[in-house]
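First the structure, in the form of structure tokens, and then the observations on it.
The values are calculated or read from the model by the stated rules, or taken from the named source; none is laboratory data. Keep in mind it's a predicted model, so treat the numbers as computed, not measured. When we count neighbours, we look across all protein chains shown, and the Cβ atoms used for this are built from the backbone with ideal geometry, even at glycine.
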Amino acid sequence: GLPTRVRIHEVGPRDGLQNESAIVPVEVKAEFIRRLATAGLSTVEATSFVHPKWVPQLADAEELYPRLADLEGVRLPVLVPNARGLERASALGAREVAVFASATESFAKANLNRTVDGALEMFEPVVARAKSAGLRVRGYLSMCFGDPWEGPVPVDQVVRVCRALAGMGCDELSLGDTIGVATPGHVHALLTALGTAGLPASGAPADSAPPGGPTLAVHFHDTYGQALSNTLAALQHGVATVDASAGGLGGCPYAKSATGNLATEDLVWMLHGLGVETGVDLARLTATSTWMAQRLGRPSPSRTVRALAGA
Ligand code: HMG
Ligand code: MG
């Protein structure tokens with residue numbers, strides 16, 4: 001059966017805004033995050049402490065993060081690629097961080113200027129330090145299905161890097177279809193292989209890692225319109241943590257052909273229709289995405305936002 005409740009990991013302010021050509025003013029970002037929290041999203045990925053030259057859209061992380069200090073009852077994870085990123089995030093009191101690995105050599109080089117294993121070596125002390133400081137750690141894995149340079153990605157290659165991230169002590173693994181090429185059969189194949197490798201989906205959106213290992217999350221981009229079908233396939237495997245981006249904002253500047261993430265509204269429409277709880281107020285969320293689309297000067301690509309907003 002399906003999980004009774006899904007935790008939505010909202011990535012709009014990070015994955016969405018990192019790919020906007022316009023630099024969004026810091027006060028608009030803070031307002032966006034506040035509105036998302038008010039709409040009932042319990043986790044809002046706020047920003048990244050990466051090199052500002054690599055992602056200029058998020059270069060204001062030091063200004064943004066303190067503006068969220070009074071937000072209660074919402075988790076605000078941030079991306080940290082290395083020790084410098086963790087230092088910057090910790091200095092501002094971040095309680096939750098994410099490292100981001102790649103299943104392919106091409107993307108490891110393009111996104112992190114490292115080999116796959118070189119990136120894992122970079123993350124290992126970061127995860128260890130974060131865990132010993134009591135932080136929650138998510139491990140992203142990009143290019144789990146297809147890679148724009150290498151084509152289809154072998155399942156074994158993905159499982160190997162997942163095991164490495166789990167071995168470091170990540171509380172959660174987010175399986176990324178960075179360029180949105182996956183289809184449900186491929187999702188089924190990967191989750192089956194992960195289960196066999198000792199990394200099953202637990203069926204519950206655990207707030208801490210289950211004794212057996214990390215919680216599994218899925219992170220679909222909607223390039224080929226498959227994100228919702230893929231999500232349903234993952235739910236049928238017991239995945240209960242799903243990444244999505246309000247209004248379908250998003251992409252990745254270092255992966256050609258990556259478009260927006262699965263829109264949070266589309267996800268919520270499907271989950272509520274299935275009787276799966278999310279805690280999200282869809283009307284408030286849609287109003288937020290419509291407001292953000294006005295700030296960005298272009299309509300939301302989300303079908304659900306368009307239908308509900310009558311746009
Ligand atoms: P590098 O050039 O190899 O860095 O980049 P380095 O370690 O050689 O250091 C070079 C300089 O950068 C040094 O300064 C460092 O201090 C500085 P210098 O001594 O020359 O003055 N530096 C930093 N400054 C600020 N913050 C830092 C930092 N680190 C080094 N954290 C690096 C390596 C990892 C830093 C770089 O490649 C980088 O920042 N990459 C980030 C790329 C990124 O953010 N991509 C998007 C997120 S991933 C994604 O979107 C996919 C996802 O959504 C899942 C999916 O869809 O698949 C998560
Ligand atoms: Mg992404």
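The table below gives the values:
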{"quantity": "Qualifying residues in the stretch 54-75 (those that are surrounded by 18 or more Cβ atoms within 10 Å (Cβ to Cβ) and away from ligand 1 (no atom under 16 Å from the Cβ)) - the one nearest to Gly40 (Cα to Cα)", "calculated": "Val74"}
{"quantity": "Flag if Ser132 is touching a residue at least 24 places away in the same chain (Cβ under 8 Å), hydroxyl-bearing (Ser, Thr, Tyr) and either more than 16 Å from ligand 2 (Cβ to nearest atom) or surrounded by 15 or more Cβ atoms within 10 Å (Cβ to Cβ) (or both)", "calculated": "no"}
{"quantity": "Selection from the stretch 99-115 of residues that are in a loop (DSSP other than H, G, I, E, B), out of contact with any Leu (no Cβ under 9 Å at 6 or more places or on another chain) and either within 17 Å of Gly176 (Cα to Cα) or not hydroxyl-bearing (Ser, Thr, Tyr) (or both)", "calculated": "Thr104, Asn113"}
{"quantity": "Matching residues in the stretch 11-51 - criterion: being within 16 Å of ligand 2 (Cβ to nearest atom) and under 20 Å from Gly93 (Cα atoms)", "calculated": "Val11, Pro13, Arg14, Thr43, Val44, Glu45, Ala46, Thr47, Ser48, Val50"}
{"quantity": "All positions within the stretch 4-19 that are among the polar types (S, T, N, Q) and more than 12 Å from ligand 1 (Cβ to nearest atom)", "calculated": "Thr4"}
{"quantity": "Residue list for the stretch 289-308, filter: surrounded by fewer than 24 Cβ atoms within 10 Å (Cβ to Cβ), out of contact with any Phe, Trp or Tyr (no Cβ under 6 Å at 6 or more places or on another chain) and in a helix (DSSP H, G or I)", "calculated": "Thr290, Trp291, Ala293, Gln294, Arg295, Leu296, Arg303, Arg306, Ala307, Leu308"}
{"quantity": "Conditions (1) at pLDDT 95 or above; (2) within 16 Å of ligand 1 (Cβ to nearest atom): number failed by Ala166", "calculated": "(2)"}
{"quantity": "Among (1) on the phi < 0 side of the Ramachandran plot; (2) under 17 Å from the mean Cα position of the chain (by Cα) - the single one Ala164 does not satisfy", "calculated": "(2)"}
{"quantity": "Total residues in the stretch 256-281, condition within 15 Å of Glu10 (Cβ to Cβ), more than 16 Å from ligand 2 (Cβ to nearest atom) and in contact (Cβ under 8 Å) with a residue 60 or more places away in the chain", "calculated": "6"}
{"quantity": "Single residue of Val218, Val158, Val137 found to be free of Cβ contacts under 8 Å to residues at least 60 places away in the same chain, away from ligand 2 (no atom under 16 Å from the Cβ) and crowded, with 19+ Cβ neighbours inside 10 Å", "calculated": "Val137"}
{"quantity": "Checklist (1) more than 20 Å from His221 (Cβ to Cβ); (2) modelled with pLDDT of 95 or more applied to Val153, failing item", "calculated": "(1)"}
{"quantity": "Helices (runs of 4 or more DSSP H) enclosed by the stretch 1-98 - at least 3 residues per element that are more than 17 Å from Met292 (Cα to Cα), touching a strand residue (DSSP E or B) at 6+ places or on another chain (Cβ under 8 Å) and not polar (S, T, N, Q)", "calculated": "83-91"}
{"quantity": "Residues that are crowded, with 21+ Cβ neighbours inside 10 Å and touching a residue at least 60 places away in the same chain (Cβ under 8 Å), drawn from the stretch 20-44", "calculated": "Phe32, Leu36, Ala39, Leu41"}
